[in-house]
Amino acid sequence: RFCVPLVLAALPTMAAGEEMPPALQDSWGDFWLFRFLVNAAGYASIVVPGFLLIQYFKRRNYLETGRGICFPIIKSCVFGSEVKSVHPEDGSLPPRVEPTESSTARQVLKLLFCAAGLQASYLTWGVLQERVMTRTYGATETDPGEKFKDSQFLVFMNRILAFTVAGLYCALTKQPRHGAPMYKYSFASLSNILSSWCQYEALKYISFPTQVLAKASKVIPVMMMGKLVSRKSYEYWEYLTAALISVGVSMFLLSSAPNRHASTVTTFSGVVLLAGYIIFDSFTSNWQDALFTYKMSPVQMMFGVNVFSCLFTVGSLLEQGALLESVRFMARHSEFTAHAVLLSVCSACGQLFIFYTINQFGAAVFTIIMTLRQAFAILLSCLIYGHTVTVVGGLGVAVVFVALFLRVYARSRMKKRSKKLPPGETPVQKV
């Protein structure tokens with residue numbers, strides 16, 4: 001019972017003891033932990049009544065006793081309409097389109113189209129993300145300008161467009177019959193919102209290359225979450241490459257460059273926010289894997305998660321009065337408006353390119369493209385925003401990407417070997 005008062009008493013000391021960027025020292029309300037707790041309280045004001053309603057309908061056995069105009073809606077949200085698939089892969093991804101009569105040139109053009117779409121979407125998204133969170137708007141010779149500080153509004157902008165795109169795609173194309181209870185998307189939605197918020201907020205305290213490497217190292221907590229949430233087992237090479245990634249990230253973070261720019265310094269808050277991003281994102285991916293045991297397409301997953309994301313973020317923004325404040329900021333700075341809209345467009349288009357690439361060429365090709373994208377993102381950020389990387393840091397980056405490519409190669413070899421073996425046999429012993 002003494003832990004909470006001690007933590008609250010230590011917060012001002014932590015905030016004062018850490019070198020924070022001057023723009024973040026304007027008020028106590030700008031401290032990331034305070035903002036996190038306020039956002040979490042906003043989400044709780046929606047989650048708690050929803051949880052109580054779900055428990056109420058289940059206790060009343062509403063599925064058998066309910067009737068009326070609201071029955072189909074409540075049934076879909078609380079109970080769903082289908083049982084789970086016996087095999088998780090039955091409802092995860094649509095069957096990959098194998099090239100039958102397509103010429104090699106056509107397949108190459110398709111691959112180039114997918115690679116270019118993914119690179120353009122996510123490289124632009126990365127550059128804009130760093131611009132919005134680390135630079136000022138409206139700066140003149142006499143006025144230093146102002147920074148946009150509300151990361152939650154950017155999350156809302158991304159989710160509302162992704163929700164619209166996914167909804168239109170589901171309406172215009174044939175999709176599997178949906179059977180999952182809608183409320184189950186809220187878990188992945190909440191962790192996805194928090195991971196995105198931590199990702200944006202972390203850029204106030206760390207450099208973009210550091211954030212990219214942290215994303216590359218999230219395979220480690222994903223494996224840990226896989227054991228806890230889904231009871232998965234992993235091969236020896238997965239543990240080996242995870243260890244190499246840890247070594248590479250450590251080399252990069254521990255390397256120091258002379259005359260480092262303030263924006264490249266990694267602070268304690270940045271490390272905590274990165275850890276939060278990785279933990280929440282790992283839970284999201286594993287929970288979505290569990291949800292795919294229901295028969296659904298990835299676009300249906302995208303739509304369901306973003307429905308709750310929009311609900312949570314807009315509810316929290318309205319409760320805080322931050323929605324109107326952010327809209328006023330957009331009205332004051334048209335450049336920010338363009339950046340925020342383009343950021344959302346790149347995020348939504350990138351998700352569609354992900355689905356199309358995996359459907360056409362499989363997960364291995366997609367992973368290679370995205371791994372190259374991470375390397376290009378670090379290079380582009382260093383060129384545009386002047387981040388410096390030492391020799392040791394560069395070696396650490398190289399170790400990380402070598403480990404990622406080894407994972408892709410080993411996974412593809414495992415899949416090929418498992419296809420050649422008779423049913424019931426496993427290619428290697430699980431660890």
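Data overview
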quantity: Conditions (1) open to solvent by 30 Å² or more (accessible area, probe 1.4 Å); (2) under 19 Å from the mean Cα position of the chain (by Cα); (3) not β-branched (Val, Ile, Thr): number failed by TYR385; calculated: (2)
quantity: Residues satisfying the stated conditions in the range 145-169, i.e. more than 18 Å from SER347 (Cβ to Cβ) and either in a helix (DSSP H, G or I) or out of contact with any Gly (no Cβ under 9 Å at 6 or more places or on another chain) (or both); calculated: LYS147, LYS149
quantity: Enumeration of residues in the range 187-210 that are acidic (Asp, Glu) and open to solvent by 10 Å² or more (accessible area, probe 1.4 Å); calculated: none
quantity: Residue list for the range 297-321, restricted to those being of a type in the set (A, V, I, L, M), more than 17 Å from PHE187 (Cβ to Cβ) and surrounded by fewer than 21 Cβ atoms within 10 Å (Cβ to Cβ); calculated: VAL299, VAL314, LEU318
quantity: The range 204-233 residues that are over 18 Å from VAL271 (Cα atoms), paired with ones that are at pLDDT below 75 and in a helix (DSSP H, G or I) (beta carbon under 6 Å, 6 or more apart); calculated: LYS232/GLY226
quantity: Residues that are assigned to a helix (DSSP H, G or I), modelled with pLDDT under 85 and open to solvent by 90 Å² or more (accessible area, probe 1.4 Å), drawn from the range 47-78; calculated: GLU64
quantity: Filter pass, VAL327 being in contact with a helix residue (DSSP H, G or I) (Cβ under 8 Å, 6 or more places away or on another chain) and part of a helix (DSSP H, G or I); calculated: no
quantity: VAL345 part of a helix (DSSP H, G or I) and within 17 Å of GLY179 (Cα to Cα); calculated: no
quantity: Within the range 62-82, tally of residues that are more than 17 Å from LEU291 (Cα to Cα) and among the small types (Gly, Ala, Ser); calculated: 2
quantity: Per-region count, the range 151-186, residues in contact with an Asp or Glu (Cβ under 7 Å, 6 or more places away or on another chain) and buried (at least 19 other Cβ atoms within 10 Å of the Cβ); calculated: 1
quantity: Single unsatisfied condition, SER309 versus (1) more than 17 Å from VAL155 (Cβ to Cβ); (2) in contact (Cβ under 8 Å) with a residue 40 or more places away in the chain; calculated: (1)
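The values are calculated or read from the model by the stated rules, or taken from the named source; none is laboratory data. Everything numeric here is computed off the predicted structure, so don't read it as measured data. Here the Cβ is made from the backbone with ideal geometry for all residues, glycine too, and neighbour counts use every protein chain on show. Accessible surface areas use protein heavy atoms only, side chains included; no ligands, DNA or RNA. Shrake-Rupley method; radii C 1.70, N 1.55, O 1.52, S 1.80 Å.
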